[in-house]
Amino acid sequence: MLANEAETVASKVRAYLEHYPDLWKSLDLGIVNLSALARIISREEGIDNIGAIIAALKRIPKSGYSNLIHRNEIKNSTIETRSNITVLILRPSTENIRLLINVTRNIVEGYTDYRIIQAAQGCGLVINDTMYERIKKQIPKNEIIDAEHGLGEIILISTPEIKNLRGYVAYAASLLANSGINIVQIISFYSDITFILNSEDVLKAMKLFLNEKQRGGDKESVLN
């Protein structure tokens with residue numbers, strides 16, 4: 001195999017593991033069947049050379065991920081929950097951003113009552129169901145891509161140190177995903193991570209994060 005080909009395989013293997021921090025951590029611990037993992041990577045990444053994948057896995061550096069570090073950060077975090085949430089997604093345009101600003105301007109009472117999010121595929125509004133009922137007639141139906149109601153939020157408010165803590169958002173998300181909780185939307189900004197979930201999953205998610213707080217230490221800071 002040519003050196004360039006080996007480098008390409010190695011870079012693809014590393015990129016794959018970066019998407020799965022828990023898997024990379026398991027590789028660090030030596031509890032992964034390399035041949036089985038190589039076959040999975042081969043199938044998902046379209047790499048034909050199983051031997052090259054195994055060689056790359058053997059040479060991959062330590063991930064640097066530590067569950068203890070992540071748990072300690074969660075221990076020092078505040079957890080908040082909200083219910084009866086609407087997520088509205090409109091077609092991406094400057095006009096729709098202005099529309100969302102204008103329709104919410106006179107009804108919201110607090111800083112955390114709503115969020116307006118600008119993204120490449122759409123602009124979103126996260127708002128209480130009751131408040132949405134007050135503004136929905138002002139929003140053209142042909143501009144709506146999607147609207148979901150009756151959702152819940154669990155908000156992880158961490159310290160600013162998470163900006164430099166690799167894999168923290170992925171770790172928090174994996175706790176939910178590994179327990180069968182579907183994340184409807186995720187919003188991560190500065191030191192806050194907001195998971196928007198189906199309402200029936202909020203209590204289960206809260207218990208998961210409380211368990212992580214306990215495993216990271218005894219001190220808890222929780223707001224319901």
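List the number of the failed condition for ARG134; all other conditions in (1) closer than 25 Å to GLU95 by Cβ; (2) in a strand (DSSP E or B) hold.
ARG134 satisfies every listed condition except (2).
Test ALA10 against the criterion of being surrounded by 17 or more Cβ atoms within 10 Å (Cβ to Cβ), more than 30 Å from ILE69 (Cα to Cα) and among the small types (Gly, Ala, Ser), and give yes or no.
Judged against the criteria, ALA10 is not a match.
Test GLY122 against the stated conditions and say whether it is among the small types (Gly, Ala, Ser) and more than 12 Å from ILE89 (Cα to Cα).
Answer is no for this residue.
Identify the single condition in (1) in contact with a Gly (Cβ under 9 Å, 6 or more places away or on another chain); (2) modelled with pLDDT under 95; (3) not in a loop (DSSP other than H, G, I, E, B) that ARG166 does not satisfy, given that it satisfies every other one.
Result: ARG166 passes all but (3).
What tally of residues in the range 58-107 results from selecting those that are surrounded by fewer than 18 Cβ atoms within 10 Å (Cβ to Cβ), more than 22 Å from LYS141 (Cα to Cα) and aliphatic (A, V, I, L, M)?
Residues in the range 58-107 being surrounded by fewer than 18 Cβ atoms within 10 Å (Cβ to Cβ), more than 22 Å from LYS141 (Cα to Cα) and aliphatic (A, V, I, L, M): 3 in total.
Looking only at the range 13-34, filter to residues that are in a loop (DSSP other than H, G, I, E, B) and not hydrophobic (A, V, I, L, M, F, W, C); which one of those is surrounded by the most Cβ atoms within 10 Å (Cβ to Cβ)?
If we take residues in the range 13-34 being in a loop (DSSP other than H, G, I, E, B) and not hydrophobic (A, V, I, L, M, F, W, C), then TYR20 is surrounded by the most Cβ atoms within 10 Å (Cβ to Cβ).
Among ILE74, ILE60, which is the only one that is more than 30 Å from VAL9 (Cα to Cα) and hydrophobic (A, V, I, L, M, F, W, C)?
Sole residue among the options that is more than 30 Å from VAL9 (Cα to Cα) and hydrophobic (A, V, I, L, M, F, W, C): ILE74.
Within the range 35-79, which residues are part of a helix (DSSP H, G or I) and touching a strand residue (DSSP E or B) at 6+ places or on another chain (Cβ under 8 Å)?
Scanning the range 35-79 gives a single hit, ILE74.
Buried (at least 18 other Cβ atoms within 10 Å of the Cβ) and free of Cβ contacts under 8 Å to residues at least 40 places away in the same chain: does that describe LEU176?
Criteria met by LEU176.
Identify, from the list SER83, SER63, the residue that is under 27 Å from the mean Cα position of the chain (by Cα) and at pLDDT 95 or above.
SER83
Within the group THR8, THR78, which residue is of a type outside the set (Asp, Glu), in the same structural domain as PHE209 (by TED's automatic domain parsing) and more than 30 Å from VAL103 (Cα to Cα)?
THR78
The values are calculated or read from the model by the stated rules, or taken from the named source; none is laboratory data. Since we're looking at a predicted model, the values are computed, not measured. Note that we place each Cβ from the backbone using ideal geometry, even for glycine, and neighbour counts take in every protein chain shown.
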